[in-house]
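Engineer: Structure below; questions to follow.
The values are calculated or read from the model by the stated rules, or taken from the named source; none is laboratory data. Owing to the predicted nature of the structure, the values given are computational and were not obtained by experimental measurement. Don't worry about glycine lacking a Cβ; one is built from the backbone with ideal geometry, like all the others, and counts go over all protein chains shown. Side chains included, ligands, DNA and RNA excluded: accessible areas come from the protein's heavy atoms. Shrake-Rupley method; radii C 1.70, N 1.55, O 1.52, S 1.80 Å.
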Amino acid sequence: MPTLHDLPGPRTPGLFNALEYGFAPRGFAQRHAARYGRVFRVPSVPGPMLFTTEPEHVRRIFAADSNTFDIFHVASLRAFFGPRSVLVSVGDLHKRQRKLLSPPLSGPRLRALGA
C-alpha cells in the first residue's frame, strides 16, 4: 500500500500551496486532480496533506467515526477558526457539535437553499 509520500503531487513550497488553496480551493483541487489524479499529496507548511476528489472517499470520511482521523495541525487551525470550532474539536465535543450541525446541513435543506 502506498504511503502519503509515494503519492503524486506538486512540488511547490507549502506556503505557496496554502495561499493558492486559500484563494481558490475548488480550482486548486480541480487543477491538481487533473494533473496528478483523484488522490494526491500537497506540501504544506506543517507537513504533507492528502487530497481526494473521489466522491466515495469523501462519503467514507464524513461517515467515519470522529476518532478515526487526527486533526491536521490543530494549533494552526485554531488560530484561524477559533478554539471551539467543529473543525478543531475532538471526542465528545466534536460529536455534540456535529449533531447540532447535521439538521441544517442535510441534503433536503441544502437543496432547498440552492433553489
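Engineer: From the list Leu50, Leu15, exactly one residue is within 26 Å of Ser89 (Cα to Cα), aliphatic (A, V, I, L, M) and not in a helix (DSSP H, G or I). Which is it?
Structural biologist: Numbers: Leu15 fails: not in a helix (DSSP H, G or I).
It is Leu50.
Engineer: Of the residues that make up region 89-101, is at least one closer than 30 Å to Pro10 by Cα, free of Cβ contacts under 8 Å to residues at least 60 places away in the same chain and open to solvent by less than 80 Å² (accessible area, probe 1.4 Å)?
Structural biologist: Within region 89-101, one or more residues are closer than 30 Å to Pro10 by Cα, free of Cβ contacts under 8 Å to residues at least 60 places away in the same chain and open to solvent by less than 80 Å² (accessible area, probe 1.4 Å).
Engineer: Another question, if that's okay. Out of all the residues in region 61-74, is one or more more than 25 Å from His94 (Cβ to Cβ) and hydrophobic (A, V, I, L, M, F, W, C)?
Structural biologist: Within region 61-74, none of the residues are more than 25 Å from His94 (Cβ to Cβ) and hydrophobic (A, V, I, L, M, F, W, C).
Engineer: Modelled with pLDDT of 90 or more, within 27 Å of His94 (Cα to Cα) and in a helix (DSSP H, G or I): does that describe Ala29?
Structural biologist: yes
Engineer: Oh, and also: Under 8 Å between Cβ atoms, which residue pairs at least 6 apart in sequence (or on different chains) link something in region 1-25 that is over 22 Å from Leu77 (Cα atoms) with a partner that is in a loop (DSSP other than H, G, I, E, B)?
Structural biologist: As it stands, the answer is His5/Pro48; Pro8/Gly37; Gly9/Pro43; Gly9/Pro48; Pro10/Pro43; Arg11/Pro43, since those pairs meet every condition given.
Engineer: Failed condition for Val45, given (1) surrounded by fewer than 16 Cβ atoms within 10 Å (Cβ to Cβ); (2) of a type in the set (A, V, I, L, M); (3) at pLDDT 90 or above; (4) within 23 Å of Leu77 (Cβ to Cβ), with all others met?
Structural biologist: Result: Val45 passes all but (3).
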